[in-house]
Each structure stands twice: as C-alpha cells, then as structure tokens.
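Inspection log for the structure reproduced underneath, given as structure tokens.
The values are calculated or read from the model by the stated rules, or taken from the named source; none is laboratory data. The structure presented is a predicted model; accordingly, all values stated were derived computationally and were not measured. Quick reminder, even Gly has a Cβ in these numbers, built from the backbone with ideal geometry, and neighbours come from all protein chains shown. We work out accessible area using only protein heavy atoms, side chains counted, and drop any ligands, DNA or RNA first. Shrake-Rupley method; radii C 1.70, N 1.55, O 1.52, S 1.80 Å.
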Amino acid sequence: MEYQKYIEGRKAVITCKNVCKEFDIRDRKQAGSFRVIDDLSLSIYENEFVVLFGPGECGKTSAINILSGLDRPTAGSVFQGDTQITRPGIERGVVYQSIALFPWLTVMGNVEFGPKARGIDRTQSRKRAQELINLVGLQGFENAFPISLSGGMRQRVGIARAYANDPEVLFMDEPFGALDAQTRYMMEEEILRIYEHEKRTVVFVTNNIEEAVFLADRIILLKSCPTSVKQEYIIDLERPRSYTAPRFLEIRQKITRDMDKAL
Amino acid sequence: MGNKTVNLIGKNSMRIVLTLLPIIGFLILWQLAAMFTSIGNLMPGPIQVIESLFISFAKPLGPHTIQMHALYSLKRVMVGYGSAVVTGIIFGVSLGLSKMFRALFRPLFELIRPIPTVAWIPISILWFGVDEMSKYFIVFYGAFANVALSVYMGIQRVDPVLVGAAKMLGCSERQLTFKVVLPSCIPYIFSGMQVALSAGIMSVVVAEMINSYEGIGWNIHAGQQTANMTQVLTGMVALAIFGLLMAAILRQVERRMCAWNTRNT
Ligand SMILES: Nc1ncnc2c1ncn2[C@@H]1O[C@H](COP(=O)(O)OP(=O)(O)OP(=O)(O)O)[C@@H](O)[C@H]1O
Ligand SMILES: [Mg+2]
C-alpha cells in the first residue's frame, strides 16, 4: 500500500526481470555451475536513492555487474527505460568496492577519463571535471596520483569519475566498505550532499544496516546466496537523519529481524 | 623542524657509512692479502688495479684506451639491448593480447628460450661474421626474452575490474589497449628491462671475450691470454662501474615514468 503510493507517478529507470546468474566452475574433477542470483526482479525509479542491502557474499557485486551491463545474466533481462541493457554503457556509472582508480592517472586524469575516451571537447570536459573535483572536495589535488591519497579521498575521485559522464543512474557497490568507521560516517554525509547537488538515480549497495537506513529512500533487502529480493522498505525519515533517533533505531531493528529470518 | 633536519642528516650519514664500510673493508683486506700473503704472487692489489685503470684512460690497453673500449661495449649494448626492448615489448604485448599469436609463437619461443646465450656464438659468427652484427645479435638474444616475458606477464595481470571500469566509462576495445592495458604494464616493462640490461651486459662481455678485438670483454680475455691479471681485474672493475651506471640511469628513467607507482614523489 505504502509502496504503491511511493511509486505513483514515478518513471522506472531500471527494470530487472527474472534475472538468474550462474557461474561455471571448473574444478579438477567436475565441471558444474554455481547459482549466485535466483530470479531477481526489481525496479529502480527516477532520482531515488535505493539501497540494495544484503549479507556478505550474497551476490551483490554480481547483481551490480548485470544491472550495469558489464556482465550478462544467464536468464532474464534488464532494461533502462525501454532499451535492454546488454553491454557496458556511459548511461550508467559505477563506483567500485575496490575503488579501482587508474593508478597511472592523476585525480584530474581519472575524472576526465570517460569524457576523453568518448572524444568530448577538451575544454568543456576539463571544466566539468574541475566542477566535479570541487564538488567532492578535492580542489588542490588535481595533479596528485591516487597512491598519495587516503582511502576516503580516493573514493571521492571514484565518485567524481562516475559522475563525469553524466550517467542517468549511478551504481555504488559498497563504496565505503574499505574505509575506517570515522571516514565512513563522513562519506555517508558527503554522498547525500553530492546526491542533492547532482540529482541522479543512485543504487547503493551495502551490507551495513546503519548505512542503509541512514542513506536510503527505499531499501531492498536481499536474501543470501543465491540471492533475490526478500523484502522492501520505504524509509520516510526526514534528512538529515540521526543514527540514534528512536524511529531510526526502530526501522533498523525491524530490518535486522527480517534479515535474520532471511539468512 | 630543526630537530628533524638534524635527524635526517644523521640518518643519511649513517646510511653512507653502512654502504661504504663493507666496500672499504673489502678493499683493505684485498690489499693486505696482496701485500702479505702468497695471493700477491698471483694477482695485484686494488691500489695497483685502480692505478692501472686510471693509467689506461691515457695509455691504450691493446688497441684502445679503456674509455674507448667501454664505448665499444656501450654501443653494442645500446644497439642489441635497444632493439631487444622494442621488439620484446611488441612480442610480449602480442603474446598477451592475441590468442592466435600466442598459439602460433609461444611454443617456438619456449623452445628457443632455454638455449643459453653463449651457445649461440658459433652460429652468430656463421650468420653475421665476426663484425659488429654478430655482437648485436648476441646482446639482443640475451635481453629479448626477459623483456618479452615480463610484458606478457604484465598483460595477464591487468586488473579485470579496471578493464571493466574503463568499459563502463565508454572506452572502446581498441582504446582499452592503449588507455588501460599498456599503462598498467609499465612497471612490468621496467622490471623486465632491468633484468634484460644485466643479461645484455653479460652477453656483450661473453661475445667480446670470444669474438672481438676491442671492448671491455676483450680486455679481460686479452689479460688472460697474456697472464696479465692487472688487465683482467682492470676490465672487471670497469665492468662493475659500467653496469652500475647503466642500471642507475634506467632506474632514474623508471622513477620519472612511474612516479604514480611510488609514494613520496
Ligand atoms: N566470476 C565468478 N566465477 C565464479 N564464482 C563467482 C564469480 N564471481 C563471484 N562468484 C561467487 O559468487 C558469490 C557472490 O559473489 P559477489 O561478489 O557477487 O558477492 P557480494 O555480495 O558482492 O560479496 P561481498 O559482500 O564480498 O562484496 C561468491 O561466493 C563468489 O565466490
Ligand atoms: Mg561485492
């Protein structure tokens, strides 16, 4: 009921229909397949901040790879608007769990990578890249190489790089998973600030319940491997949210309980 | 701040002392052994060798002064090693990127590679005569496989997540090679080049000892022929300096090109 009201009048940006994913495993003795995603169906709506929340190793990265077009599903299909997603494309941006910056490029080089590869006009792409570098708070570090940056700063570059192509939707795969708790809290607030500034659809993956409730407009709870949707929650808390507000804790507790059942 | 500077100087001079101590100790022991034991009957001490090295800058050893010998060796290394680096990179990249190329040439490469450089000298003389070309070939052979293998390994170890990231950002297959695969191989290319440089210098000395009238390797060979140990040792010391300089230059180039790969630069 609540869900119906939530999606009313919203345009679906990503639609995922009955997706299954199996990996071939070639052992010494036997060949077989390993099912990671089992009948995953979900819709992502325009400009919402969706959190895919699931236990470790449940197949979150595999799901993101399929939604973004980097990997093909074994069965089922994914659409962006009306077009089927069959290959990587600049209409979708990805921020990685392992950050995955190009270490031989500077901060500016990384952020400009997409526009340059596409042959966008040099001065125009430089201006936009600078804008994004400023937005993520890295002005002054344009010529630094990733190796000289802290983990939090590196992921800021990762975020700016993903925005630089102006994709319609951004997939963020546990972007703060590798950061320490302190930096993580800070980055959670940062990502909301960036989200407010550059309104895009964001699909954010995490295995941290606190992070999920803090960020999400909507949480999609995933089962453990082979994964699919277990439950959805509309999080109608006002932003900025407080980790210790009674409603926050209540929602957090409810989802944790459901998750335990899911395991 | 002041304290830190003092500390740094202290640390640096400590390092210099630690570097020089064993070298000076070794030279003193050698000198003492040459002066006071029967080793002195067989070979000269370091003072005599270094003296001879300095004299040979002005007075020719055989046909040339030592710096001319070094230039001959340098030219052979540069030509043989240079062409090995260029072709080795191309060969290694082709091995790494093309299944077809790999299927065709990997077995042949693996078959030839185990044959030691020295074993090629008779054939190289047969093919290229006793002139420079045969020496270039020997140096080339000694260096090539190191570069090729290292580059090939670098290509196999390209991070698949980086390749995926580049594709998501709009990189075409063609751009991938130049924008992702090759740059991420650069550290491997340099480590291959370092190993290949040692191999190339080793090869030039071998080639010059067997088939040459000049070069540092010839010095060692000629010294042996005339039982002139001072000349042998002079050649060896010259080689040590030669190799050290070449490796240092290459390391500087690497530091420039791979600033992104090391902290504090
Ligand atoms: N290419 C592959 N081939 C075989 N198995 C794979 C492959 N990729 C992932 N898997 C397996 O699928 C399962 C899910 O992996 P995936 O990385 O999608 O999970 P995840 O939820 O992202 O995990 P994490 O919480 O560690 O990020 C794991 O057991 C993993 O070993
Ligand atoms: Mg993952």
| said: Which order do you get for B:130, A:169 if you rank them by accessible area with a 1.4 Å probe, largest at the top? | reply: B:130, A:169
| note | Farthest towards the positive end of the dipole of the protein assembly as shown, among A:63, B:82, A:47 and with Cβ unit charges of +1 on Lys and Arg and -1 on Asp and Glu, lies the Cα of B:82
| note | Summing +1 per Lys or Arg and -1 per Asp or Glu among the other residues with Cβ less than 14 Å from residue A:41's Cβ gives +1
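For residue B:73, what charge total do you get from the other residues with a beta carbon under 12 Å from its beta carbon, if Lys and Arg give +1 and Asp and Glu give -1?
0
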| request: Among A:249, A:183, A:100, flag the residue with its Cα farthest along the positive direction of the charge dipole of chain A, charges on Cβ as +1 for Lys/Arg and -1 for Asp/Glu. | output: A:100
| field | Nearest-ten-degree value, helix B:66-97 long axis tilted from longest Cα axis of chain B | value | 20 degrees
| message | Checking buried surface per residue: for the stretch A:47-71, which residues lose a minimum of 30 Å² accessible area in the protein assembly relative to the chain alone (1.4 Å probe)? | response | A:70
| said: In whole Hz and in residue order, list the ³J(HN,Hα) couplings for the stretch B:116-124 that follow from phi through the Karplus curve 6.51 cos²θ - 1.76 cosθ + 1.60, θ = phi - 60°; x for Gly and Pro. | reply: x, 3, 4, 5, 8, 4, x, 4, 5
| remark: The size of the Cβ-based charge dipole (Lys, Arg +1; Asp, Glu -1) of the stretch A:20-59 about the Cα centre, to the nearest 20 debye, is 380 debye
| query | Of A:17/A:223; A:5/A:254; A:17/A:230; A:127/B:167; A:11/A:254; A:11/A:230, which pairs sit farther than 26 Å apart, going by alpha carbon to alpha carbon? | reply | A:11/A:254
| query | For chain A, modelled as a Gaussian network with Cα springs under 10 Å, which listed residue fluctuates most, A:129, A:212, A:117? | reply | A:117
| field | Accessible area of the protein assembly as shown divided out per residue, in Å², using a probe of 1.4 angstrom | value | 52 Å²
| remark: Rounded to the nearest 0.05, FRET efficiency between residue B:28 and residue B:229 (Cβ-Cβ, R0 25 Å) equals 0.80
| message | Taking 0.36 nm per residue of sequence separation and subtracting the Cα-Cα distance, how much length would be gained by fully extending the chain between residue B:97 and residue B:13, in nm to one decimal? | response | 25.4 nm
| remark: Scalar couplings 3J(HN,Hα) for the stretch A:124-129 by Karplus 6.51 cos²θ - 1.76 cosθ + 1.60 (θ = phi - 60°), nearest whole Hz, x for Gly and Pro, are 5, 5, 5, 5, 5, 4
| message | To the nearest 20 Debye, how big is the dipole of chain A about its Cα centre, given +1 on the beta carbon of each Lys and Arg and -1 on that of each Asp and Glu? | response | 520 debye
| query | In the stretch A:102-139, which residues become less accessible by 30 Å² or more once every protein chain is in place, relative to the chain on its own, using a 1.4 Å probe? | reply | A:102, A:103, A:104, A:113, A:117
| said: To make sure I understand the rule: partners must be lysines, Cα under 22 Å from the Cα of residue B:75, and not fewer than 8 residues away in the same chain. Which ones qualify? | reply: B:59, B:135
| said: Run the simple label-point estimate for residue A:41 and residue B:50 please: 7 Å along Cα→C-beta, distance reported in nm. | reply: 8.6 nm
| How much space per residue, in cubic angstrom, does the convex hull of the C-alpha atoms of chain A take up? | 152 Å³
| request: Name the residue, out of A:159, A:147, A:64, whose mean-square fluctuation peaks in a Gaussian network model built on chain A with Cα pairs under 10 Å. | output: A:147
| request: Calculate what fraction, in whole %, of the accessible area of the protein assembly as shown sits on carbon and sulfur atoms when a 1.4 Å probe is rolled over the protein chains. | output: 61 percent
| task | Determine the dipole magnitude for chain B: charges of +1 sit on the beta-carbon of Lys and Arg, -1 on that of Asp and Glu, nothing else is charged, the reference point is the Cα centre, and the result goes in debye to the nearest 20. | result | 1040 debye
| field | Residues residue A:147 and residue A:8, FRET efficiency given R0 of 51 Å [Cβ-Cβ distance, rounded to 0.05] | value | 0.60
| said: If I build a Gaussian network model for chain A, linking alpha-carbon pairs within less than 10 angstrom, which residue out of A:74, A:123, A:106 has the largest mean-square fluctuation? | reply: A:123
| query | Dividing the alpha-carbon radius of gyration of chain B by 2.2 N^0.38 Å (N being the number of residues), what value is obtained? | reply | 1.26
| remark: Per the charge dipole of the stretch B:40-126 (beta-carbon charges, Lys/Arg positive, Asp/Glu negative, Cα centre), the residue among B:45, B:112, B:62 reaching farthest to the positive end is B:112
| said: Considering the Cα positions of the stretch B:140-265, please state its Rg to one decimal place and its Dmax as a whole number of Å. | reply: 20.4, 69
| Summed buried accessible area for B+A [probe radius 1.4 Å, Å², rounded to 100] | 1900 Å²
